Amino acid sequence: MTNKTYSILTFGCQMNKLDSELAAGHLQAAGFSPAQTTESANLILVNSCSVRAKAQDRATTILRSFPRTKARTQLVGIMGCVAQQLNEKLLQPPFNADFVIGTRALPRLREVIERLLDGERKILAIESEASPYDYDPSIIRRTSKRSAYVAISRGCSNYCTYCIVPYVRGPIWHRDPNNVINEVRQLVQSGYIDICLIGQNVNSYSHGHWNFTKLLERLARTDGLRRLRFITTHPKDLTLETVKLMAHPPLAPYISMPLQSGSDRILRLMNRGYTRSEYLEKVSWLREHVDRSFISTDIMVGFPGETEADFEDTLDVVRLAKFDNIYSFIYSPRPLTKAAAFTNVVPRDIVKERFKRLLALERQNNIDSLRRFVGRTLEVLVDGASRKDRGVACGRCAQNVVVNLPHDSCEVGELVLAKITRSGIHSLTGRVTRRLMPAPSPVSGLP
């Protein structure tokens, strides 16, 4: 292989995105460079989540789409949760991957690439003697020079009955706080101003005498850090101390806190570890202590056994909490999970009707939430051009809301103040009133 180029296709959560940046670092260390297009790449790596069937189906469909002829020159592999779940099946028809990298085998990627270059095929790497969590952050090839994901934990030990994560990511592992502190410090010194701490249950963090709030307090004192976020929050582990800390910059007034259901009966069946009243109490903490708080949530429709009364309980919580954003989805059974064996499946037509009602309430919530920003001036980090209109630049404010701006008034990577002139269902529109921080030099990222 003379011109060694790669393309990484990522489907899934923030952890998948970070893992793709890590994979890009391993590939570049092996002498590969980013391809201009996926079609022109010598090596294609599909990185996919398997928490929901949709992401898994999309990844495996793409895997099947690549030609499988003796004359083909592209190497095709798959990594992430779907690789851990399906493992050797992905090496066989109809997928025919050349290599499979499990969630705990990412440190072996360079070794696998070297074996591929030596002519070996059908390589399965699911486990690794090296820890997949302790890594040199300098190897990460980040797609931005302003915003960065920093993992503080990986895996999950909650075993919600519908969730496959503990089975494909393993039990929760907490990273050494000193490693986290050093990585954030180095990122800020390199010009990063927006740090997002990530973990499957990020606020469950515990390492020695360090808990999540203590880690946040320490990171918030990092000189030059403008915005500190975290995702995803488990409601049962959210403390009042963490909420009070969110009231002060650089902590962002944004939180993603999945509800899943507003029915205590369904929450017990899900093994979520909290009640609707406990959840609503934590929402009240956020509204009381965090100015301009922005609460995003996930809601599942059609969990096995969900009755009309259960669903009405969910709608009631949505009305009471006045969520600023809702990611709603229909339950899909995942292999290995306890709920996959539940037999009281909700009929599809009923699920669709309930989902439609939730979407209508979600839409009105979004409109009401974003309307409150009109006339206000927000700090916006510009991160790219609009997918719908290349003449519009897009950025995000501290509440993690998309803000559309005139493209000629700012540059990608620039931090600006923008006065909001209009609100929509999912985004805001504004005009730049002040340019606070110039854009960094161009960055090469994932293709």
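Going toward the positive end of the dipole of the chain, with +1 on Lys and Arg Cβ and -1 on Asp and Glu Cβ, which of 280, 40, 250 do you reach last?
40
With a Förster radius of 22 Å, plug the Cβ-Cβ distance of residue 33 and residue 439 into 1/(1 + (r/R0)^6) and report the FRET value to the nearest 0.05. Could the numbers behind the result be given before it?
Values: r = 24 Å, r/R0 = 1.07.
With a Förster radius of 22 Å, E is 0.40.
Along Cα→Cβ, 7 Å out, is where each label goes; now give me the distance between the ones at residue 364 and residue 236 in nm to one decimal.
Taking the simple label geometry, residue 364 and residue 236 are separated by 3.3 nm.
Check the cysteines of the chain one by one and keep only those with no other cysteine Cβ under 4.7 Å from their own.
Taking the Cβ cut-off of 4.7 Å, the unpaired cysteines of the chain are 13, 49, 81, 156, 196, 394, 397, 410.
How charged is the neighbourhood of residue 103? Take every other residue with its Cβ under 11 Å from the Cβ of residue 103, and add Lys/Arg as +1 and Asp/Glu as -1. Intermediate values should be presented prior to the final figure.
Numbers: positive: 104, 154, 169; negative: 19, 127.
Within the 11 Å Cβ shell, the charges total +1.
Using the Karplus curve 6.51 cos²θ - 1.76 cosθ + 1.60 with θ = phi - 60°, work out ³J(HN,Hα) for each residue of the range 203-215 in order, rounded to whole Hz, and write x for Gly and Pro.
Whole-Hz 3J(HN,Hα) from phi for the range 203-215: 7, 7, 4, 7, 9, x, 8, 8, 10, 5, 4, 4, 5.
Which net charge results when you count Lys and Arg as +1 and Asp and Glu as -1 among the other residues whose beta-carbon is under 13 Å from that of residue 171?
Working: positive: 104, 154, 169; negative: none.
Counting the neighbours of residue 171, the net charge comes to +3.
Where in the range 351-429 are there GluC sites (Glu not before Pro) that are in a DSSP coil and have at most 16 other Cβ atoms within 10 angstrom of their Cβ? Let's see the in-between values first.
Numbers: sites: 353, 362, 379, 411, 414; in loops: 411, 414.
Passing both the DSSP loop test and the Cβ count: 411.
In whole Hz, with x marking every Gly and Pro, tabulate ³J(HN,Hα) for the range 335-346 from phi via Karplus 6.51 cos²θ - 1.76 cosθ + 1.60, θ = phi - 60°.
With coefficients 6.51, -1.76 and 1.60, one gets x, 6, 7, 5, 5, 4, 9, 5, 9, 7, 6, 7 Hz.
At what distance in nm do the modelled label points of residue 120 and residue 409 sit from each other, each positioned 7 Å from its Cα along Cα→Cβ?
Once both label points are built, they end up 5.7 nm from each other.
Would you kindly give the portion of the calculated P(r) for the range 177-250 that falls above 15 Å, as a percent of all Cα pairs? Can you show the working numbers first?
Values: 1414 of 2701 pairs.
Within the range 177-250, distances greater than 15 Å cover 52 percent of Cα pairs.
What is the gain in length, in nm to one decimal, between residue 344 and residue 421 on full extension, counting 0.36 nm per residue of separation less the C-alpha to C-alpha distance? Display every interim value, and only then the final one.
Working: separation 77, 0.36 × 77 = 27.72 nm, distance 4.89 nm.
Once the chain is fully extended between residue 344 and residue 421, it gains 22.8 nm.
Every read-out reported here was derived from the displayed coordinates using simple, explicitly stated rules and does not represent laboratory data. Remember, it's a predicted structure, so these values are computed and weren't measured experimentally. Glycine also receives a Cβ, built like all others from the backbone with ideal geometry; neighbour counts cover every protein chain displayed.
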